[in-house]
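Visitor: Okay, handing you the structure first.
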Amino acid sequence: IKCVESTGSWKFKVAILIIGVYFLVVLPCTQIFFRTHPWLYKYTDIIFFTTVVILALYKTNLTELGFSKKYLTQHLVLGLIAGGILLFSLPLLETGLKSTGLIDHELFGEKSQHHVLNSLSSLPEQLTTLVFIPLIEQIFFTGIILQSLLKKMNAITAVYTSSLIYTLAGFKLTLGTFGLGIGASSLYKLTGTLYASILFHISCALGGILLENIHFTRKLEIPKNLTIRL
C-alpha cells in the first residue's frame with residue numbers, strides 16, 4: 001500500500017485548543033444543561049465536530065484534510081478489506097466473549113433495552129449513525145487531531161493519544177471504541193488519506209447495529225405494553 005504524504009496545515013496548538021474547548025466547555029455544558037433535552041444531549045458533540053469541520057474546509061482544502069485522490073483505489077480496497085474482516089469476525093467475537101464471560105462487562109457495552117430501542121429507530125437516524133457520524137468524526141479526530149499530533153509526537157504515541165481522546169469524547173469508554181480509534185488512526189498513518197479510515201469506521205458502526213439487532217436482541221424480549229415513539 002502506497003502512502004500519500006500528509007500536507008495538513010493544522011498546527012499542534014490549534015488542535016489542543018479545539019480539544020480543550022470540547023472537554024472544558026462543550027462536554028460539561030452538555031452534561032449539565034442538556035440532559036433534559038434528548039436531541040441536544042445526543043447530538044451536541046457531533047454538532048461541535050461538524051462546526052469545526054466546516055471551518056476547516058473554509059480554511060484549507062479536502063486534500064490537506066486527507067482526501068487526496070492519489071492511490072484512491074488502493075486505499076478504498078484496503079478500507080473495504082479491513083471493514084470486511086471486522087464484519088465477518090463478529091460471530092467469532094461474540095462466541096469468544098460469551099465463552100470468557102466478558103460479553104456482560106461494561107467495557108464491551110451494555111446489553112439492555114437500549115439496544116432494542118436502537119434497533120427500532122428511524123431510517124434517517126440509522127443513516128446518520130452509519131454514514132454521517134463516521135465521516136465527520138474521522139475528519140475531526142483523524143484528519144485534524146491526529147494530523148496535528150503527528151507533527152509533535154512519534155507515530156505510535158500519536159495514534160494511541162488520538163484514540164484515547166476519541167474514546168474519552170462523549171464518555172464512550174469501551175474497548176470497542178478504543179479499538180476503532182486505533183484501527184482508523186493506523187489506517188490513516190498507513191495510507192495518508194481518510195478513505196480507509198472512514199470505511200473502517202462505517203464497518204464498525206454497521207457491526208454495532210448488527211450486534212444489537214441480530215445477536216444481542218435474540219435474548220431480549222420486548223414487553224407487550226412497550227410503546228415506541230418515533
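Visitor: Looking at the structure I just gave you, is THR36 farther than 29 Å from ILE1 by Cβ, open to solvent by less than 50 Å² (accessible area, probe 1.4 Å) and among the polar types (S, T, N, Q)?
Guide: no
Visitor: Moving on. So, of the residues in segment 8-33 that are part of a loop (DSSP other than H, G, I, E, B) and touching a residue at least 60 places away in the same chain (Cβ under 8 Å), which turns out to be surrounded by the fewest Cβ atoms within 10 Å (Cβ to Cβ)?
Guide: Per the criteria, the residue is LYS11.
Visitor: Also, I was wondering about something else. Residues being of a type in the set (Ser, Thr, Tyr) and open to solvent by 20 Å² or more (accessible area, probe 1.4 Å): count how many of those fall in segment 178-196.
Guide: Matching residues across segment 178-196 total 2.
Visitor: Taking the condition loosely packed, with under 14 Cβ neighbours inside 10 Å, in a helix (DSSP H, G or I) and of a type in the set (A, V, I, L, M, F, W, C), does ILE1 pass?
Guide: no
Visitor: Under 6 Å by Cβ, and 6 or more places apart or on different chains, what pairs join a residue from segment 157-168 that is within 9 Å of ALA184 (Cβ to Cβ) with one that is open to solvent by 20 Å² or more (accessible area, probe 1.4 Å)?
Guide: Partner pairs satisfying both residue conditions: SER163/PHE178; SER163/ILE182.
The values are calculated or read from the model by the stated rules, or taken from the named source; none is laboratory data. The shown structure was predicted, so the numbers you read here are calculated from the model rather than taken from an experiment. When we count neighbours, we look across all protein chains shown, and the Cβ atoms used for this are built from the backbone with ideal geometry, even at glycine. Note: areas computed on protein heavy atoms with side chains; ligands, DNA, RNA excluded. Shrake-Rupley method; radii C 1.70, N 1.55, O 1.52, S 1.80 Å.
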